[in-house]
Amino acid sequence: MAQVLGTAMENVEYEMRVAMPGIVQEWDAEQQTVTVQLAIREKVSMDGRETEMEIPMLVDVPVVMPRAGGYSLVFAPVKGDECLVVFADACIDSWWQSGGVQSQADSRRHDLSDGFAILGCWSQKRKPKIPASGVRLQNDAGTAGISIAGNTVNIFGTVKINGSSYSSHQHSGVESGSSRTGGVV
């Protein structure tokens, strides 16, 4: 009996999905979903032999980006971005289509089709440069962005305002002299 229960529990564990790292394959800007290839192969037993197989591509996976209080930090994922796919406890179809509190369209649990892609996790191979203190909004190379540390805000890289480079800007209609121009109005 213990062996039968052990086998049953093992089967449940193999079928339950919680979270797995994935790699974005495609971004659907209209639906704001991604297609994701899970980054870990599934171990399966076939005829008493253990083998590995890739899990089928996940399509129409909703993305998670920081958003609250009427503000959002949004960006367009690109092919190759790493993510963490978290599988919902219940079918998300009705909620995804209509929002609010909804009844389940299906009784499935922890299903591959009910994942959310949390963007922003990374493997050691793709880790970004992180400052020793403060906070940064930056490109992956750490060569352009905005940083805040203490009372200092720093913009680094090429700065453009209305398409014009700010770092090499000049004023027209100003006569040279020793006095200073007025402040910002």
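The values are calculated or read from the model by the stated rules, or taken from the named source; none is laboratory data. Treat the numbers as computed from the prediction; the structure is a model and nothing was measured. Quick reminder, even Gly has a Cβ in these numbers, built from the backbone with ideal geometry, and neighbours come from all protein chains shown. Heads up: the accessible areas ignore ligands, DNA and RNA and are worked out on the full protein's heavy atoms, side chains in. Shrake-Rupley method; radii C 1.70, N 1.55, O 1.52, S 1.80 Å.
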Inset, instruction - Could you state the accessible area per residue of region 121-166 in Å², with a 1.4 Å probe and every protein chain left in place? - result: 82 Å²
Inset, instruction - Whenever you get a sec, line up 50, 42 from highest to lowest accessible area (probe 1.4 Å, protein heavy atoms). - result: 50, 42
Legend entry - Contact order normalised by residue count of the chain, Cα under 8 Å, 6+ apart, percent: 16 percent
Inset, instruction - Would you mind telling me which residue in 46, 16, 65 has the biggest mean-square fluctuation in a Gaussian network model of the chain, where springs connect alpha carbons within a distance under 10 angstrom? - result: 46
Legend entry - With DNA, RNA and ligands ignored, accessible area of residue 98 (1.4 Å probe; Å², nearest 10): 80 Å²
Inset, instruction - With everything on Cα atoms, drop me the angle between helix 2-15 and the longest principal axis of the chain, reported from 0 to 90° to the nearest 10. - result: 30 degrees
Legend entry - Using alpha carbons only: equivalent-ellipsoid semi-axes of the chain, gyration tensor based, whole Å: 50, 20, 15
Legend entry - Area accessible to solvent at residue 75, 1.4 Å probe radius, in Å²: 90 Å²
Legend entry - Cα-projected label distance for residue 94 with residue 135, points at 7 Å along beta-carbon direction, nm: 3.7 nm
Inset, instruction - Using DSSP to define loop residues, name the GluC sites (Glu not before Pro) in region 51-156 whose beta-carbon has at most 13 other beta-carbon atoms within 10 Å. - result: 54
Legend entry - Euclidean distance of C-alpha centroids, region 143-167 and region 11-87, integer Å: 34 Å
Inset, instruction - With +1 on each Lys and Arg Cβ and -1 on each Asp and Glu Cβ, and nothing else charged, work out how big the dipole of region 1-123 is about its Cα centre, in Debye to the nearest 20. - result: 280 debye
Legend entry - Within the accessible area of the chain (1.4 Å probe), percent carbon and sulfur: 53 percent
